[in-house]
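Step one of this worksheet: look at the structure below.
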Amino acid sequence: MATVVSSATGALFLELDGAAAGPLRSAQPASLRVDMATQPTGREMVVRRSAQVTLGEMAAEFDLLEPGPLVDWLGAALAGDMAPRDGALLVGDMNFNARRRIGFRGACISGLSWPVLDASAGRRALSLTLRWLVAGVDDAPSSGKLKSGTSRRRPLMASNFRFVGLPFGDDAVTMVELPTLQVGWAQDRFNGGYRDPQMVQRQLGELVVTVSARRAEAARAWVHKLVADGSIDERDGLALQVDLLDAALKKTLASVQLTGCLLSGMDEEPLGGAADRIATLTLRFDVGGMKLTLA
């Protein structure tokens, strides 16, 4: 496994299609594996030299700051545009002296995950993790100065959010697990080379919402009414939205729109303990579409 590069020990930036895409918290260079082909010869196994080399996923953790090439790449992937990109990880020291440039070609997003949004999380930055596959890398020493690219904005906080669209009250939600994005790719060989990778599956994960104790009864009543006839169809889908707010919880800095949200489950905490305690409720939704917008 390649070494994880962290901004804690220096400067770390992403470049996409020749444009600065912002700072990163950490990055994972692609691992490299050699699959040795063997051919039996009598009692011995002779290793052939025509072995196949494969590159693993690259990954980056970053704060959601402001519009730019990285957010555009994420937005395109969420909309279904999986066109490959070229780019580079730019690595420097604490004084922004460039030390290493890890260029990559034909990057195809393979996954996106979000932190848990939790109203009680305090000052925890909202950091996303992006993963991608590459057709090739060009890893080399670098020199000169890196542009700091410091954002005018402070990082968004995972505790500063507003959930909109539930039929039993928009003040009901205390925790949100946003859907992950998982993309499967296939790559076929021909005449010793590779065809362009083909997407075989693109899937959004579940939306998981924790409803506060004071709204649990209303949420439970809504669920039982929704499933009273024993089924749920597309007409029962909800359009939900998560607004990511500033420190004063007044200004919307970013929004995640979730369309075609169909209830897929409800979980309750175990009963018992304090008789007057009303437990929280967890609702699960299958999500049809997802869009990220930064103000």
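The values are calculated or read from the model by the stated rules, or taken from the named source; none is laboratory data. Predicted model only: the values in this text are computed from it and were never measured. When we count neighbours, we look across all protein chains shown, and the Cβ atoms used for this are built from the backbone with ideal geometry, even at glycine.
Data for the structure
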| item | result |
| --- | --- |
| Checklist (1) modelled with pLDDT under 95; (2) outside any loop (DSSP other than H, G, I, E, B) applied to residue 283, failing item | (1) |
| All strands (runs of 3 or more DSSP E) inside segment 153-268 with 1 or more residues being farther than 24 Å from residue 113 by Cα and either without any contact (Cβ under 8 Å) to a residue 12 or more places away in the chain or not aromatic (Phe, Trp, Tyr) (or both) | 252-268 |
| Lone unmet requirement of (1) modelled with pLDDT under 95; (2) closer than 18 Å to residue 290 by Cα for residue 136 | (2) |
| Pick from segment 57-94, criterion assigned to a loop (DSSP other than H, G, I, E, B) and without any contact (Cβ under 8 Å) to a residue 40 or more places away in the chain, ranking: nearest to the chain's Cα centre (by Cα) | 81 |
| Leading residue by the ranking (surrounded by the most Cβ atoms within 10 Å (Cβ to Cβ)) among those in segment 204-237 that are at pLDDT below 95 and closer than 30 Å to residue 80 by Cβ | 237 |
| Test: residue in segment 110-132 that is under 17 Å from residue 70 (Cα atoms), over 15 Å from the mean Cα position of the chain (by Cα) and not charged (D, E, K, R) | no |
| Some residue of segment 135-151 being surrounded by fewer than 16 Cβ atoms within 10 Å (Cβ to Cβ), under 24 Å from residue 182 (Cβ atoms) and not charged (D, E, K, R) | yes |
